[in-house]
Amino acid sequence: MRLLISAIFLSSLIAPSTYAQAPSAQSANTASVLSCASDPSWTAPQKPFQIYGNTWYVGPRGITVLLVKARTGDVLIDGGVPTDAALIEANLRELGIDLHDIKWILNSHAHCDHAGSITQLARATGAQVIANAADTALLARGGHGDPQYGDRFTFPPVHVTRTVNDGETIRVGDLILTAHSTPGHTRGNTTWTWTSCEGERCLHMVDIGSVSAPGYKLIDNPKYPDIVKDFEYSFAMVAALPCDIPLAPHPGVVNFWERVARREQGDADALVDSAGCRAVAKEARESFEAQLAKERTAADPAKQQPASARRGNDVP
Ligand SMILES: [Zn+2]
């Protein structure tokens with residue numbers, strides 16, 4: 001059972017249509033023997049590079065970690081798995097960043113592959129940690145008691161120094177980041193948005209919070225009774241956001257590496273996709289609805305029996 005859950009968890013964080021291109025795809029078959037901390041595709045080294053304006057990619061190949069620079073201090077979004085801290089710190093140094101210039105570490109959600117190294121990074125940088133109020137307790141428990149995974153995927157507990165709720169902003173000098181609650185994947189799952197400029201051209205950056213429900217129990221889940229309503233809210237939220245460069249905690253969700261490759265081949269705007277957030281929301285919603293329908297069918301004994309058997313049962 002544990003092996004199955006591990007496989008589901010590891011494969012989940014990639015949208016179905018991009019799964020084959022995602023770094024994790026190669027290891028999906030072997031995922032059953034891996035834990036959050038040891039999936040090699042998630043921790044594959046990646047050189048840091050500029051995404052657009054003040055936004056830089058500083059994570060490993062398989063998990064998005066972003067640096068957003070400001071005049072008075074810098075911001076990190078997410079921290080990868082627990083063993084990713086060293087690579088992220090090395091990438092920051094390679095960009096000439098003094099680790100103590102990192103003032104805030106923002107979290108997208110309280111899972112081991114995005115919050116795993118935040119405590120180490122906070123220690124190394126002295127940064128404050130910001131997360132959605134609804135994920136604070138799960139972060140403090142290091143992932144123990146997750147509504148879907150229980151104690152299977154834990155990480156060093158994260159002490160959140162500032163909580164945000166839907167629509168709240170973080171200001172670092174002239175940089176403003178907005179937290180949009182996109183609950184479901186976790187209760188405090190958050191989509192972060194900000195603006196990055198190159199010269200006069202300013203673009204809406206969106207780090208779309210995970211909107212997948214990998215192996216989740218969606219109906220009659222006493223640990224998260226409102227999960228269906230929350231996911232539906234989140235799909236609408238993501239679809240409605242002003243969105244020029246869609247990003248996601250797992251790069252494959254937005255075909256990130258494919259876009260980066262196109263850009264390297266000369267398509268300067270390959271990362272720009274103003275319909276990208278709507279596309280992610282649409283695909284996630286369709287996948288979610290199919291999963292929900294399947295779970296409802298499985299939960300309804302009447303639908304699993306042939307009509308003749310049902311008639312027999314109905315006769316007193
Ligand atoms: Zn997750």
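Output the residues belonging to the stretch 259-298 that are over 23 Å from the mean Cα position of the chain (by Cα) and free of Cβ contacts under 8 Å to residues at least 24 places away in the same chain.
262, 263, 264, 265, 266, 267, 268, 269, 293, 294, 297, 298
Mind checking whether some residue in the stretch 82-102 is closer than 30 Å to residue 147 by Cα and within 16 Å of the ligand (Cβ to nearest atom)?
Scanning the stretch 82-102 turns up at least one residue that is closer than 30 Å to residue 147 by Cα and within 16 Å of the ligand (Cβ to nearest atom).
Tell me which residues, restricted to the stretch 176-190, are within 13 Å of the ligand (Cβ to nearest atom) and in a strand (DSSP E or B).
190 - this is the single residue of the stretch 176-190 that is within 13 Å of the ligand (Cβ to nearest atom) and in a strand (DSSP E or B).
Which of (1) free of Cβ contacts under 8 Å to residues at least 60 places away in the same chain; (2) more than 22 Å from residue 179 (Cα to Cα); (3) touching a helix residue (DSSP H, G or I) at 6+ places or on another chain (Cβ under 8 Å) is the odd one out, the single condition residue 216 does not satisfy?
(1)
Kindly check whether there is at least one residue in the stretch 222-234 that is in contact with a helix residue (DSSP H, G or I) (Cβ under 9 Å, 6 or more places away or on another chain) and crowded, with 22+ Cβ neighbours inside 10 Å.
Yes.
The conditions are (1) closer than 26 Å to residue 47 by Cβ; (2) modelled with pLDDT of 95 or more, and residue 73 fails exactly one of them. Which is it?
(2)
What about residue 232, is it within 25 Å of residue 106 (Cα to Cα), more than 15 Å from the ligand (Cβ to nearest atom) and touching a residue at least 60 places away in the same chain (Cβ under 8 Å)?
Criteria not met by residue 232.
Give me the pairs: first residue in the stretch 110-139 and more than 16 Å from the ligand (Cβ to nearest atom), second residue basic (Lys, Arg) and not in a helix (DSSP H, G or I), beta-carbon distance under 8 Å, and six or more apart or on different chains, which are they?
Short answer, once both residue conditions are applied: 127/103; 128/103; 128/162; 129/162; 130/162.
Do we have residue 224 as over 18 Å from the mean Cα position of the chain (by Cα) and of a type in the set (Phe, Trp, Tyr) here?
Yes, satisfied.
Count, please, the residues in the stretch 166-188 that happen to be touching a strand residue (DSSP E or B) at 6+ places or on another chain (Cβ under 7 Å) and not small (Gly, Ala, Ser).
The number of residues fulfilling the criteria is 11.
Between a residue in the stretch 153-172 that is within 15 Å of residue 139 (Cα to Cα) and any residue that is of a type in the set (S, T, N, Q) and at pLDDT below 95, which pairs come within a Cβ distance under 9 Å, given they are 6 or more apart or on different chains?
153/6; 153/35
In the stretch 191-229, what residues are of a type in the set (Ser, Thr, Tyr), within 30 Å of residue 68 (Cβ to Cβ) and within 16 Å of the ligand (Cβ to nearest atom)?
191, 210, 212
Just give me the residues in the stretch 57-79 being touching a Pro at 6+ places or on another chain (Cβ under 8 Å), surrounded by fewer than 22 Cβ atoms within 10 Å (Cβ to Cβ) and within 15 Å of residue 97 (Cα to Cα), in sequence order.
Hit for the stretch 57-79 is 57, nothing else.
The values are calculated or read from the model by the stated rules, or taken from the named source; none is laboratory data. Being a predicted model, the structure only gives us computed values, none of them experimental. Methodologically, a virtual Cβ is constructed for each residue, glycine included, from the backbone with ideal geometry; neighbour enumeration extends over all protein chains shown.
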